[in-house]
Amino acid sequence: MKVLKRNQLIVLLISLMLITAGYLNFTANQENIMTGTIADRSDTAIGDAELVSTIPHEENVLEQTNGNIVENKIEEDVTKETNVEEKTEEAASNITNEEEIIQTSTEDYYFTTAKLERNTMYSESLETYQEMYNNINATAEAKADALSKINNINNTKNAIMIAENLIIAKGFEDVVIFSNEGSVSVIVKIEELKQEEVAQIQNIVSRELNVGVDIIHISNK
């Protein structure tokens with residue numbers, strides 16, 4: 001009887017040990033399963049959170065990039081328009097300057113050419129009268145007349161040169177004087193002549209060329 005009880009007690013202890021080991025093993029497995037599930041859920045949550053936070057960020061970056069592109073495009077267009085306007089204004093200014101240069105050159109050309117033609121005429125006349133004076137077959141009267149004409153031309157040339165210099169000294173940019181028998185023409189480079197300026201020119205020309213004011217004709221160019 002005692003032996004049986006002892007055997008039963010041993011079996012009972014072994015059973016209890018097996019039950020305890022199985023319980024501990026089961027508990028450990030449950031903890032591992034729960035830990036893995038939580039980890040999976042955490043990864044998913046983290047992934048979702050990252051996914052949610054990444055998408056708006058990318059949209060913000062895209063919006064910001066598009067905004068910068070639009071702003072840069074607008075600035076580029078404004079710059080191009082400004083450059084076009086500046087080039088147009090510069091071209092218009094160049095055209096105006098060229099027109100002024102052409103006009104100035106034309107006026108200068110007129111006065112230069114007019115003086116050259118006048119002096120050429122005087123030189124040709126002097127040459128003609130000089131040949132007449134040097135002609136051995138010319139009479140004394142012809143020679144005297146030729147000499148008188150030579151003196152008159154030289155005196156007129158000198159008087160015109162002095163008168164023109166005096167007129168320019170009064171502030172006029174340029175002037176040319178033509179003296180013919182019974183008429184003196186004065187052309188002044190100025191946009192508009194005032195009455196007092198006309199009087200100044202008349203006095204100079206009348207005094208230097210020894211002519212009356214009534215035969216002096218003044219105009220501007």
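Among the residues of the stretch 135-148, just one is small (Gly, Ala, Ser) and either in contact (Cβ under 8 Å) with a residue 12 or more places away in the chain or touching a Cys at 6+ places or on another chain (Cβ under 8 Å) (or both), namely Ala146. For the stretch 213-220, does any single residue satisfy the condition of being of a type in the set (Ser, Thr, Tyr) and outside any strand (DSSP E or B)? Within the stretch 213-220, none of the residues are of a type in the set (Ser, Thr, Tyr) and outside any strand (DSSP E or B).
What are the residue pairs meeting all of these: first residue in the stretch 204-220, first residue in contact (Cβ under 8 Å) with a residue 24 or more places away in the chain and surrounded by 17 or more Cβ atoms within 10 Å (Cβ to Cβ), second residue among the basic types (Lys, Arg) and not in a helix (DSSP H, G or I), Cβ atoms under 9 Å, and 6 or more apart or on different chains? Partner pairs satisfying both residue conditions: Ile204/Lys170. Looking at (1) at pLDDT below 95; (2) in contact with a strand residue (DSSP E or B) (Cβ under 9 Å, 6 or more places away or on another chain), find the lone condition where Val186 falls short. Condition (1) is where Val186 drops out. Residue count for the stretch 149-202, restricted to those that are free of Cβ contacts under 8 Å to residues at least 60 places away in the same chain, in a strand (DSSP E or B) and buried (at least 18 other Cβ atoms within 10 Å of the Cβ): 5. Among the candidates Glu196, Glu173, the residue that is of a type outside the set (Val, Ile, Thr), over 22 Å from Thr120 (Cβ atoms) and over 42 Å from the mean Cα position of the chain (by Cα) is uniquely Glu196. Scanning the stretch 124-148 for residues that are of a type in the set (Val, Ile, Thr) and assigned to a loop (DSSP other than H, G, I, E, B), we see that the one that is nearest to Leu209 (Cα to Cα) is Thr139. One residue stands out among those in the stretch 125-141 that are surrounded by 14 or more Cβ atoms within 10 Å (Cβ to Cβ) and of a type in the set (A, V, I, L, M): the one that is farthest from Lys115 (Cα to Cα), which is Ala138.
The values are calculated or read from the model by the stated rules, or taken from the named source; none is laboratory data. Source: prediction; values computed, not measured. Quick reminder, even Gly has a Cβ in these numbers, built from the backbone with ideal geometry, and neighbours come from all protein chains shown.
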